[in-house]
Every structure is written in C-alpha cells, then in structure tokens.
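Colleague: Would you mind keeping the following structure in view while I ask a few things?
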Amino acid sequence: MVVAWSETEYGICYLNGPIGANVMETLLSASMGIGLSAACGFRVFVPLLVMSIAAKTGYLTPAPGFEWIAAYSALITFATATALEIAGYYIPWVDNMLDAIATPAAVIAGSVAMASMVTGMSPFLKWTLVVIAGGGTAGLVQVATSVTRAASTGITGGLGNSIVSTTEAAGSIVLSVLAVLVPFLALAAVLAIFFFALKKLLGKLYKERAA
C-alpha cells in the first residue's frame, strides 16, 4: 500500500489512504470534542443543544452509543435546559448559586461531549481523553468563569454580572458552532483562551509577590 502526503485547499497536510483518513478523522473528532467541552464550561447545555441540532439535521454523526443525542426527546430537553440556564444567570445572586452546581455539571457535560465525538482510537485512549481533555477542559473553563463572576459581584454588587453572563453565553454559542463547523479553529480558540487565562494568572501572581 502506498501512503503519501497531500495538501488541502486550506494548506493542511494529511496522509492519503486508510491510515491518513483515520488520522484526520481522529484529529477532527478530538478537536471537535475539545471545542464542545470548553463550551460546556461557559454554559453546560448550549453545546449539547448544538450537538443535538447538528445530529438531528444529519450534519453530525455521534459516536456509537450516543445516537440518542439526535432524538427529539433529547433536543427538547436540551433546549428547555438551555433556556432556563441562560435565564438563571441574569438573576443577581442566583447566578452565583448556579456556579456551585455548574462546575460538576460542566465536567459531566464536557465528558459526554468528548465521548460522543471521539472515534477511531482504543477504548483506553478514548476514555483517558474524555476525562482529561473533555471533563478537565470544561471544568477549568467553568472555574475561570466562576472566579470572574465572583470578582464582578464583589466589585459591582452583582449589577455587572449581566455583562459577564452575556459574554459567557455568546462564547458558548460561538465556540459550539465553531467546534461543529470548523473543529481546528475551535481548538485554536480554546488554546488561545487558556493562554490568555494563564498569562493573567501569572501576571497577578507576579504582582502579589512583588508587593
């Protein structure tokens, strides 16, 4: 079997043949899963709703065992939960209470999002990726949003939290759609978010140490 490198119109190189197809499929599914998992950190149910819509319209094919995501019952449940979640974050102080349960919920949702997307790898590698890149990514993003909201509450008494909530909801929607349509761009966005957050954290630690 001859295997060669080819280049797409976007400048992405990949392997021809079954091996190359499997590698690209795995990378795409993993990138999609990471993007959706990160979006779960902003809003738990928005990515699940986007996945359900995409699966229902035939644009997205969930991994074996997760076909239920395309069911009408799942679509209605995710749509209702999304509406309630987004609305709840616009109620002062209620948003902070939601954060208390949102962290474990985001980890679970992120794990489900990753597990439903990843294919073409061994079960051990898949579930390792699900736990670390799926649940871990969602949890880290959610903790960061909780810290931001707590700071906003302390500074503005909760009055500025609506801006934070709008930004989070918009971020979850955009990142979810990107993950489905342009997985590699979604992955790049997630890496940029983590880089920015790490830079801010290190800068704050440096200032505290200098003081």
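Please treat every number below as a calculation from the coordinates, not as lab data. Worth saying up front: this structure is predicted, and the values here are computed from it rather than measured. Ideal geometry is used to build each Cβ from the backbone, glycine not excepted, and the neighbour counts take in all protein chains shown.
Colleague: For the range 81-95, take each phi angle, set θ = phi - 60°, evaluate the Karplus expression 6.51 cos²θ - 1.76 cosθ + 1.60, and give the result in whole Hz per residue in order, putting x for glycine and proline.
Modeller: 5, 5, 4, 5, 5, 4, 5, x, 6, 9, 9, x, 6, 5, 4
Colleague: Right, something else. Taking only the alpha carbons of the range 147-191, what extent do you get along each of the three principal axes, in Å, biggest first?
Modeller: 38, 17, 8
Colleague: Next question, about the same structure. Calculate how steeply helix 136-156 sits against the longest principal axis of the alpha-carbon atoms of the chain, using the helix alpha-carbon long axis, and give the answer as 0 to 90 degrees to the nearest 10.
Modeller: 20
Colleague: Rounding to the nearest 20 debye, state how big the charge dipole of the chain is about its Cα centre with +1 on each Lys and Arg Cβ and -1 on each Asp and Glu Cβ.
Modeller: Result for the chain is approximately 520 debye, rounded to the nearest 20.
Colleague: Now for a separate question. Residue by residue through the range 29-41, which ³J(HN,Hα) values in whole Hz follow from phi under the Karplus form 6.51 cos²θ - 1.76 cosθ + 1.60 (θ = phi - 60°), with glycine and proline marked x?
Modeller: Per-residue couplings from phi come out as 5, 5, 5, 4, x, 5, x, 5, 5, 4, 5, 5, x Hz.
Colleague: Any chance you could get the radius of gyration and Dmax over the Cα atoms of the range 122-210, in Å?
Modeller: Calculated on Cα positions, Rg and Dmax stand at 15.7, 49 Å.
Colleague: Right, another one. With 29 Å as the cut-off, how large is the P(r) tail for the chain, expressed as percent of Cα-Cα pairs?
Modeller: 30
Colleague: Step through the residues of the range 184-193 one at a time and calculate ³J(HN,Hα) from phi using the Karplus curve (6.51 cos²θ - 1.76 cosθ + 1.60, θ = phi - 60°), rounding each to whole Hz and writing x for Gly and Pro.
Modeller: 5, 5, 5, 4, 4, 5, 5, 4, 5, 4
Colleague: How large is the Kirkwood hydrodynamic radius of the range 113-170, counting all unique pairs of alpha carbons, in Å?
Modeller: 13.3
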